[in-house]
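> Encoded as structure tokens, here's the structure I'll be asking about.
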Amino acid sequence: MIHLLDGGAYLLNGTELIPDSPEALAQVKAKTGRDVSKESAKKETIAYGILEKHNTSGNMEKLKIKFDKLTSHDITFVGIIQTARASGLEKFPIPYVLTNCHNSLCAVGGTINEDDHVFGLTCAKRYGGIYVPPHQAVIHQFAREMLAGGGRMILGSDSHTRYGALGTMAMGEGGPELVKQLLNQTYDINMPGVVAVYMTGEPVKGVGPQDVALAIIGAVFANGYVKNKVMEFVGPGVSNLSADFRIGVDVMTTETTCLSSIWRTDEKIREFYDIHGRSEEFAELNPGEAAYYDGVIEIDLSKIKPMIAMPFHPSNTYTIEEVNANLTDILHDVEKKALVSLDGAVDYKLTDKIVDGKLYVEQGIIAGCAGGGFENICAAADILKGASIGSDEFTLSVYPASTPIYMELAKNGVLATLIGTGAIVKTAFCGPCFGAGDTPANNAFSIRHSTRNFPNREGSKLQSGQIASVALMDARSIAATAANKGFLTPATEFDGELVKYKYYFDKSIYENRVFDSKGVADESVEIKFGPNIKDWPKMVALTEHLLLKVVSEIHDPVTTTDELIPSGETSSYRSNPLGLAEFALSRKDPMYVGRAKEVQKAEKAIEEGNSPVDALPELQEIFDTIKGDYPVDESNLGIGSTIFAVKPGDGSAREQAASCQKVLGGWANIANEYATKRYRSNLINWGMLPFLIDEGELPFANLDYIFLPDIRKAVLEKQSEIQAFVVKEHALKAFTLRLGELTDEEREIILKGCLINYNRVS
């Protein structure tokens with residue numbers, strides 16, 4: 001089904017793989033008739049050509065990228081624009097789209113959500129942007145329909161910013177990276193590795209894009225095969241996939257922890273642009289005659305079976321056939337894994353879902369940027385045609401990804417088919433993906449064609465004893481399960497016809513409702529601020545020495561951004577930095593906020609010219625110990641908090657996972673590794689030190705103090721290893737932290753305290 005090469009490989013004419021070996025170059029020469037080096041062959045990937053076109057550094061090893069377009073949604077755009085305004089923003093220098101697909105419902109927090117929408121509209125007018133009102137489109141579908149272009153690059157403040165199937169290299173990052181683009185700065189990275197996803201064959205009937213995506217994720221997540229690399233989809237099998245199918249696979253590449261994705265393009269992608277009235281944006285993209293890849297994922301599409309990602313991660317994958325054949329064993333295994341993910345906070349059971357030897361599911365969802373595509377919903381309707389979802393606990397909700405898709409489903413009869421089965425069809429909304437819509441009942445099991453199934457993400461509140469489970473599946477198998485009244489069923493058991501519906505895009509829907517400034521800023525427009533929209537608090541520069549208290553210690557194999565700052569109803573406060581910070585780690589470590597704020601009292605005392613010991617008496621013993629060796633006082637010492645997590649930052653690009661720690665007095669994270677580049681970048685852009693420590697080495701414990709002498713000098717002088725001390729029992733116990741590679745700009749941001757300070761206009 002899927003095979004990973006141990007090393008790199010050459011791809012000749014897009015069809016023949018030659019694994020890297022001492023004889024490989026000779027074989028390449030024999031087949032191409034020319035001398036080829038590995039270095040020159042690396043330049044023949046599609047990814048290299050696009051990155052070279054957008055790089056401004058003149059050095060392809062150290063990239064400084066300027067993007068063509070930007071896009072954000074209503075969880076992130078307020079903070080981004082507020083940060084940019086504090087740094088002197090006058091006009092959006094490139095097209096910037098503000099969509100409203102996450103906080104579309106004004107049901108929580110009073111007027112907060114709608115206030116942010118009005119803020120976004122007035123900012124689009126004032127600074128020259130594009131504003132997409134609630135329920136019109138989810139962020140990524142609008143980008144596919146209206147923004148993508150062959151050979152282009154798009155940066156978005158949502159982690160699933162992936163338009164590679166359309167020939168656009170797109171990246172999802174935290175808000176500060178978009179702020180840099182708005183201020184005409186660059187996205188700075190080392191040249192990433194490029195991994196080929198070499199496809200052959202054709203999917204069998206009933207297998208959809210989510211099945212292919214989950215198979216890939218299951219094969220590469222744990223081993224980090226594509227971490228921070230570009231996935232380049234090539235091979236003859238690509239041509240056997242429709243544009244919609246490719247898009248559905250592509251959007252899920254985020255869950256592999258890759259940096260970005262790109263696909264070779266062909267007539268099916270040309271047709272996509274023709275349908276959407278943007279034929280001029282198509283570009284045929286193919287690797288060169290002899291392209292070298294740093295790794296290869298070989299996929300025989302004909303062997304992919306309907307898949308399911310069991311709780312609580314997209315990489316926890318099985319075939320549905322395997323689950324049904326080994327139901328008790330697999331459900332017991334998920335329960336054991338949950339003991340780690342849920343910290344034993346609730347009595348979690350899945351085996352009670354077994355009814356007459358089959359797995360009963362209470363909810364099905366087909367939604368968002370992954371599931372809400374035209375072909376997914378049409379296929380689901382065909383499978384459900386003439387059936388009923390029944391009148392028991394099982395429910396089915398379908399969210400088309402855009403209003404144009406919704407309109408076409410109404411015209412071609414699919415909408416009527418779905419409604420007739422008992423399914424509910426709703427407007428474009430990302431809520432089911434992060435816990436703001438269709439939350440399951442306590443102990444319920446939900447199957448979803450959406451992007452993530454992390455713990456707590458779908459609405460669970462462990463501290464209140466509430467828990468639900470989400471498994472990821474393709475829309476086709478969700479429909480087959482729905483037709484079977486909620487009993488888990490793969491779509492390959494469907495023996496009816498799957499119609500190939502033709503799609504017609506009605507651009508007038510957007511023309512009638514979306515505000516497009518055409519890049520013209522209007523300084524006369526007054527920005528409207530709701531009462532919840534607050535400025536960022538003042539943040540101090542990095543001090544000469546630093547004293548950190550460890551206020552949370554997390555030993556899960558991976559810590560998601562949803563655990564660092566929960567999604568769902570908490571996101572109503574995303575425009576209020578201090579208000580949102582009250583929810584930081586609330587579902588993972590309810591003690592975190594109180595402990596961090598207690599330490600922060602000492603730093604605030606210093607800033608106000610008072611004694612930190614008066615604010616936090618336990619510091620007296622710590623100071624007495626440190627001053628025996630180092631001349632520290634209120635003039636040269638910063639006091640704050642830090643957390644330790646094994647591998648933090650998987651998942652969302654939300655910068656709040658870092659900024660909430662910062663506004664509570666956080667100065668650093670300590671980790672064995674960072675799950676994603678975007679989370680590490682968020683830490684840096686908020687002035688936090690992204691420390692690393694070797695796995696298995698943990699010289700400190702929760703609530704210990706860590707002293708970092710001469711930390712400012714260490715950052716300034718580009719030291720990679722940092723001398724640190726645990727201050728305990730009247731002694732200093734030395735150990736070493738690492739900072740990892742930092743650009744000059746990143747060091748300066750940390751030294752100044754955050755990106756706002758780095759760019760601040762006095």
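The values are calculated or read from the model by the stated rules, or taken from the named source; none is laboratory data. Since the structure is predicted, the reported quantities are computational estimates derived from the model, not experimental observations. Here the Cβ positions follow ideal geometry from the backbone for every residue, glycine too, while neighbour counts run over all protein chains shown.
> For the stretch 487-510, name all the residues that are at pLDDT 95 or above and more than 29 Å from Glu271 (Cβ to Cβ).
Hits for the stretch 487-510 are Phe487, Leu488, Thr489, Pro490, Glu493.
> Kindly indicate which of Val220, Val251 is modelled with pLDDT of 95 or more, in contact with a His (Cβ under 7 Å, 6 or more places away or on another chain) and not basic (Lys, Arg).
Going through Val220, Val251 in turn, the sole match is Val251.
Conditions (1) hydrophobic (A, V, I, L, M, F, W, C); (2) in a strand (DSSP E or B); (3) within 15 Å of Ile670 (Cα to Cα); (4) at pLDDT below 95, marked per residue:
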| site | (1), (2), (3), (4) |
| --- | --- |
| Val715 | yes, no, no, no |
| Leu732 | yes, yes, no, no |
| Leu737 | yes, yes, yes, no |
| Glu745 | no, no, no, yes |
| Ile750 | yes, no, no, no |
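> Out of the residues in the stretch 438-447 that are at pLDDT below 95 and within 20 Å of Asn376 (Cα to Cα), state the one that is surrounded by the fewest Cβ atoms within 10 Å (Cβ to Cβ).
Looking at residues that are at pLDDT below 95 and within 20 Å of Asn376 (Cα to Cα), I get Asp438.
> Glu569 passes all but one of (1) modelled with pLDDT of 90 or more; (2) assigned to a helix (DSSP H, G or I); (3) surrounded by fewer than 22 Cβ atoms within 10 Å (Cβ to Cβ); which number fails?
Against the list (1) modelled with pLDDT of 90 or more; (2) assigned to a helix (DSSP H, G or I); (3) surrounded by fewer than 22 Cβ atoms within 10 Å (Cβ to Cβ), Glu569 comes up short only on (1).
> A further question follows. Looking for something at pLDDT below 95, in contact with an Asp or Glu (Cβ under 9 Å, 6 or more places away or on another chain) and among the aromatic types (Phe, Trp, Tyr) - is there at least one such residue anywhere in the stretch 511-534?
The answer is yes, given that some residue of the stretch 511-534 is at pLDDT below 95, in contact with an Asp or Glu (Cβ under 9 Å, 6 or more places away or on another chain) and among the aromatic types (Phe, Trp, Tyr).
> Please identify the pairs in which a residue from the stretch 579-607 that is at positive phi has its Cβ atom under 8 Å from the Cβ atom of a residue that is among the acidic types (Asp, Glu), counting only partners at least 6 apart or on another chain.
Pairs that qualify, where the first residue is at positive phi and the partner is among the acidic types (Asp, Glu), are Leu585/Glu563.
> What single numbered condition from (1) outside any strand (DSSP E or B); (2) more than 30 Å from Ile189 (Cβ to Cβ) fails to hold for Tyr318?
In the conditions (1) outside any strand (DSSP E or B); (2) more than 30 Å from Ile189 (Cβ to Cβ), Tyr318 misses (1) alone.
> Answer with yes or no whether Ser397 is out of contact with any Lys or Arg (no Cβ under 9 Å at 6 or more places or on another chain) and among the hydroxyl-bearing types (Ser, Thr, Tyr).
no
> Report every pair of residues separated by at least 6 positions or lying on different chains whose Cβ atoms are under 7 Å apart, first residue within the stretch 259-286 and closer than 14 Å to Tyr163 by Cα and modelled with pLDDT of 95 or more, second loosely packed, with under 15 Cβ neighbours inside 10 Å and of a type in the set (Gly, Ala, Ser).
Pairs found: Tyr273/Ser279.
> For the stretch 665-684, enumerate the residues that are β-branched (Val, Ile, Thr) and either within 12 Å of the chain's Cα centre (by Cα) or modelled with pLDDT under 95 (or both).
Across the stretch 665-684, the qualifying residue is only Thr676.
> Would you mind finding the one in Asp382, Asp343, Asp347 that is assigned to a helix (DSSP H, G or I) and either of a type in the set (D, E, K, R) or free of Cβ contacts under 8 Å to residues at least 40 places away in the same chain (or both)?
Asp382
> Further, regarding this structure: Within the stretch 327-366, work out how many residues are surrounded by 18 or more Cβ atoms within 10 Å (Cβ to Cβ) and acidic (Asp, Glu).
Here the count works out to 1.
> Would you mind finding the one in Val195, Val179 that is touching a residue at least 40 places away in the same chain (Cβ under 8 Å), of a type outside the set (Gly, Ala, Ser), outside any strand (DSSP E or B) and surrounded by 24 or more Cβ atoms within 10 Å (Cβ to Cβ)?
From the options Val195, Val179, the qualifying one is Val179.
> Being more than 33 Å from the chain's Cα centre (by Cα) and either of a type in the set (S, T, N, Q) or more than 22 Å from Ser659 (Cα to Cα) (or both) is the filter here, so list the residues in the stretch 594-615 that pass it.
Glu608, Gly609, Asn610, Ser611, Pro612, Val613, Asp614, Ala615
> Please specify each residue of the stretch 533-557 satisfying the condition of being among the charged types (D, E, K, R) and surrounded by fewer than 22 Cβ atoms within 10 Å (Cβ to Cβ).
Lys534, Asp535, Lys538, Glu544, Glu553, Asp556 - these are the residues of the stretch 533-557 that are among the charged types (D, E, K, R) and surrounded by fewer than 22 Cβ atoms within 10 Å (Cβ to Cβ).
> I've got another one for you. Does Glu563 qualify as being under 22 Å from Ala675 (Cβ atoms), of a type in the set (D, E, K, R), surrounded by 20 or more Cβ atoms within 10 Å (Cβ to Cβ) and not assigned by TED's automatic domain parsing to the domain that holds Asp115?
Spelling it out, Glu563 is indeed under 22 Å from Ala675 (Cβ atoms), of a type in the set (D, E, K, R), surrounded by 20 or more Cβ atoms within 10 Å (Cβ to Cβ) and not assigned by TED's automatic domain parsing to the domain that holds Asp115.
Each row is one residue, and each column tells you yes or no for (1) among the hydroxyl-bearing types (Ser, Thr, Tyr); (2) in a helix (DSSP H, G or I); (3) under 26 Å from the mean Cα position of the chain (by Cα).
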| site | (1), (2), (3) |
| --- | --- |
| Pro617 | no, no, no |
| Gln620 | no, yes, no |
| Asp629 | no, no, no |
| Val632 | no, no, no |
| Gly638 | no, no, no |
| Thr642 | yes, no, yes |
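> Give me the residue from the stretch 21-56 that is among the charged types (D, E, K, R) and touching an Asp or Glu at 6+ places or on another chain (Cβ under 9 Å) and, out of that set, nearest to Trp263 (Cα to Cα).
So, considering only residues that are among the charged types (D, E, K, R) and touching an Asp or Glu at 6+ places or on another chain (Cβ under 9 Å), the one nearest to Trp263 (Cα to Cα) is Glu44.
> If you don't mind, there's one more thing I want to ask. Which ones in the stretch 271-295 are surrounded by 17 or more Cβ atoms within 10 Å (Cβ to Cβ) and not in a loop (DSSP other than H, G, I, E, B)?
Phe272, Tyr273, Glu281, Ala290, Ala291, Tyr292, Tyr293, Gly295
> Something else about it: Please find, among Phe494, Phe529, Phe515, the residue that is in the same structural domain as Thr427 (by TED's automatic domain parsing) and of a type in the set (Phe, Trp, Tyr).
It is Phe494.
> I've got another one for you. Is there a residue being polar (S, T, N, Q), surrounded by fewer than 23 Cβ atoms within 10 Å (Cβ to Cβ), in a loop (DSSP other than H, G, I, E, B) and in contact (Cβ under 8 Å) with a residue 24 or more places away in the chain anywhere in the stretch 115-123?
Within the stretch 115-123, not a single residue is polar (S, T, N, Q), surrounded by fewer than 23 Cβ atoms within 10 Å (Cβ to Cβ), in a loop (DSSP other than H, G, I, E, B) and in contact (Cβ under 8 Å) with a residue 24 or more places away in the chain.
> Something else: Would you mind listing the strands (runs of 3 or more DSSP E) fully within the stretch 1-90 where at least 1 residues are farther than 29 Å from Gly218 by Cα?
Fully inside the stretch 1-90 and qualifying: 62-65, 69-72.
> Any residue at all in the stretch 160-169 that is free of Cβ contacts under 8 Å to residues at least 60 places away in the same chain and outside any strand (DSSP E or B)?
no
Condition check ((1) touching a residue at least 24 places away in the same chain (Cβ under 8 Å); (2) surrounded by fewer than 19 Cβ atoms within 10 Å (Cβ to Cβ); (3) touching a strand residue (DSSP E or B) at 6+ places or on another chain (Cβ under 9 Å); (4) more than 30 Å from Lys303 (Cβ to Cβ)) across all residues:
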{"residue": "Asp6", "(1), (2), (3), (4)": "no, yes, yes, no"}
{"residue": "Thr15", "(1), (2), (3), (4)": "yes, yes, yes, no"}
{"residue": "Leu70", "(1), (2), (3), (4)": "yes, no, yes, yes"}
{"residue": "Ile80", "(1), (2), (3), (4)": "yes, no, yes, yes"}
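> Which residues, taken from the stretch 382-409, are small (Gly, Ala, Ser) and under 17 Å from Ala367 (Cα atoms)?
Within the stretch 382-409, Ser397, Ala401, Ser402 qualify.
> Something else: Is there any pair linking a residue in the stretch 237-251 that is assigned by TED's automatic domain parsing to the domain that holds Arg162 to one that is crowded, with 23+ Cβ neighbours inside 10 Å, with Cβ under 9 Å and at least six apart or on different chains, and which?
Final answer for the pair search is none.
> A follow-up question, please. Taking interchain pairs and intrachain pairs at least six residues apart, which have beta carbon atoms under 6 angstrom, with the first residue in the stretch 676-701 and outside the structural domain of Lys728 (by TED's automatic domain parsing) and the second charged (D, E, K, R) and part of a helix (DSSP H, G or I)?
Taking only residues 6 or more apart or on different chains, not a single pair turns up.
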